[in-house]
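Asker: Attaching a single structure in structure tokens format; questions to follow.
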Amino acid sequence: MRLPLYQVDAFTGDLFGGNPAAVCPLARWLPDATMQAIAAENNLSETAFFVRDRDGYRLRWFTPTVEVDLCGHATLASGFVVMSFIEPGREAVSFRTVKAGTLTVTRDENMLAMDFPGRPAAAAEAPAGLLEALGGTPRAVLRARDYLVVYDSAGEVAALKPDFAALAAVKDCWAAIATAPGDNGADFVSRFFAPAQGVPEDPATGSSHCTLTPYWAQRLGKKTLEARQLSRRGGALRCTQNGERITIAGRAVLYLEGEILV
């Protein structure tokens with residue numbers, strides 16, 4: 001069986017930047033084990049699969065090791081594929097998901113904007129081993145699905161050299177977000193680590209900004225914020241707090257278009 005496959009660099013306007021996502025449009029769902037095997041073979045932080053559903057699509061995401069409940073960059077990449085190749089000229093597309101509800105991707109001038117649920121974090125006690133695995137000297141720890149670890153400067157976040165094996169061993173820690181006030185035009189910066197999910201460091205993460213945006217919007221007193229993810233590839237996101245929803249906007253660039261044999 002031949003299946004179309006696209007690889008898209010998301011949250012960047014430059015090829016080889018942002019976060020690469022594989023996107024696999026399907027006529028019908030494949031067995032879960034097959035989709036997981038394809039994601040493992042692609043060996044990217046996420047592979048997105050979608051099937052047509054009424055006036056939109058149903059969407060699922062897999063890391064190389066697990067299916068996830070929410071993924072931003074692969075949703076942005078899926079919207080890019082639909083509006084660029086499957087239904088060119090379309091201005092918006094809705095994706096129905098199992099755990100995150102309906103996610104809409106809309107053209108917004110030279111960006112694509114996603115409507116996502118907010119995931120505000122509350123103050124929390126760091127679990128044993130978390131701060132030692134991350135390093136640095138954080139000023140605060142909060143938690144939503146992921147732990148949000150706040151530092152004083154962008155330089156501190158950029159300099160972190162986490163012990164991924166130790167971080168993966170921290171109990172009840174799906175992932176950790178390191179963040180600090182931004183510089184050079186960014187309101188805030190972040191990095192995202194999820195070694196227990198097969199993603200040691202994610203290059204540019206949409207879902208983490210569902211937690212980052214409420215925190216920084218309140219702290220800075222701003223509704224719309226420019227965000228930078230300080231991974232090696234880098235990522236640029238524009239985030240807007242809209243009540244309980246978050247608009248996350250960014251660019252996308254096609255790297256690969258082809259077929260896989262399954």
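Asker: Given the rule -39500 (n - 2.57) for each run of at least 4 DSSP H residues, summed and divided by the residues of the chain, what is its mean residue ellipticity at 222 nm, to the nearest 500 deg cm²/dmol? Don't skip to the answer; put the middle values down first.
Answerer: Values: 6 runs with 49 residues, N = 262.
Here the helix-only value at 222 nm equals -5000 deg cm²/dmol.
Asker: Still on this structure: May I ask for the net charge around Val170, where only other residues with Cβ less than 11 Å from the Cβ of Val170 are counted and Lys, Arg are +1 while Asp, Glu are -1? Walk me through the numbers on the way to the answer.
Answerer: Details: positive: Lys171; negative: Glu132, Asp163, Asp172.
Local charge sum for Val170: -2.
Asker: Using Cα-only point scatterers and the Debye equation, what is log10 of I(q)/I(0) for the chain at each q in 0.07 Å⁻¹, rounded to two decimals?
Answerer: -0.22
Asker: Suppose the chain between Asn242 and Ala124 were pulled fully straight at 0.36 nm per residue; how much longer would it get relative to their current alpha carbon spacing?
Answerer: Numbers: separation 118, 0.36 × 118 = 42.48 nm, distance 2.46 nm.
Full extension of this stretch gives 40.0 nm more.
Asker: For the chain, what is the relative contact order in percent, using Cα pairs closer than 8 Å and at least 6 residues apart in sequence?
Answerer: On the way: 647 pairs, mean separation 61.1, N = 262.
Reported as a whole number, the value is 23 percent.
Asker: Sticking with this structure for a sec: Note down, for the range 122-243, the three equivalent ellipsoid semi-axes (square root of 5 times each alpha carbon gyration tensor eigenvalue), biggest first, whole angstrom.
Answerer: Numbers: eigenvalues 94, 45, 35 Å².
Gyration-tensor ellipsoid for the range 122-243: 22, 15, 13 Å.
Asker: Follow-up question, since we're still on this one. Taking Cα atoms of the range 87-132, Rg/Rh with Kirkwood Rh, to two decimals?
Answerer: Numbers: Rg = 17.3 Å, Rh = 13.9 Å.
Reported Rg/Rh (Cα atoms, Kirkwood Rh): 1.24.
Asker: While we're here: Taking N as the number of residues in the range 1-127, what is its Cα Rg relative to 2.2 N^0.38 Å? Write down the numbers at each step before the final one.
Answerer: On the way: Rg = 14.8 Å, N = 127, 2.2 N^0.38 = 13.9 Å.
Its radius of gyration relative to the 2.2 N^0.38 Å reference: 1.07.
Asker: Quick one: compute the contact order of the range 174-262, relative version, from alpha carbon pairs under 8 angstrom and 6+ residues apart, as a percent. All intermediate terms of the calculation are to be shown ahead of the outcome.
Answerer: On the way: 145 pairs, mean separation 19.8, N = 89.
Relative contact order comes out at 22 percent.
Asker: Among Ala196, Ala140, Ala204, which one moves the most in a GNM of the chain with springs linking Cα atoms closer than 10 Å?
Answerer: Between Ala196, Ala140, Ala204, it is Ala140 that shows the largest mean-square fluctuation.
Asker: Take the alpha-carbon centre of the range 63-112, take the same for the range 1-48, and report the distance between them in whole Å.
Answerer: Each part reduced to its Cα centre gives a spacing of 12 Å.
Asker: Can you tell me which aspartates and glutamates have their Cα less than 17 Å from the Cα of Lys161? Leave out same-chain residues fewer than eight positions away.
Answerer: Glu132, Asp152, Glu201, Asp202
Asker: From the residues Gly221, Pro200, Pro127, which one has its Cα farthest along the dipole of the range 122-243 in the positive direction, the dipole being from +1 and -1 charges on Cβ of Lys/Arg and Asp/Glu about the Cα centre?
Answerer: Gly221
Asker: So, one more: If the elastic network links every pair of Cα atoms under 10 Å, which of Glu125, Glu109, Glu46 fluctuates the most in the Gaussian network model of the chain?
Answerer: Glu109
Asker: Under a point spin-label approximation (7 Å from Cα along Cα-to-Cβ), what is the Trp174-Arg52 distance to one decimal in nm?
Answerer: The modelled label-to-label distance comes out at 3.2 nm.
Asker: Points 7 angstrom from Cα along the Cβ direction at Lys223 and Arg28: gap in nanometres?
Answerer: Computed distance between label sites Lys223 and Arg28 equals 4.7 nm.
Asker: Determine the sum of side-chain charges near Gln36: Lys and Arg each +1, Asp and Glu each -1, restricted to other residues whose C-beta is under 13 angstrom from that of Gln36. Mind dumping the intermediate values first?
Answerer: Values: positive: Arg60; negative: Asp32, Glu41, Glu46, Glu67.
That sum, taken over residues with Cβ under 13 Å, equals -3.
Asker: Sticking with this one: Quote the relative contact order of the range 122-243 in percent (integer), defining contacts as alpha-carbon pairs under 8 Å separated by 6+ residues.
Answerer: RCO, the range 122-243: 20 percent.
Taken together, the values in this text are just the output of simple stated rules run on the coordinates, not laboratory data. This is a predicted model, so every value here is computed, not measured. Positions of Cβ are generated from backbone atoms using ideal geometry, with glycine treated the same way; all protein chains shown enter the neighbour counts.
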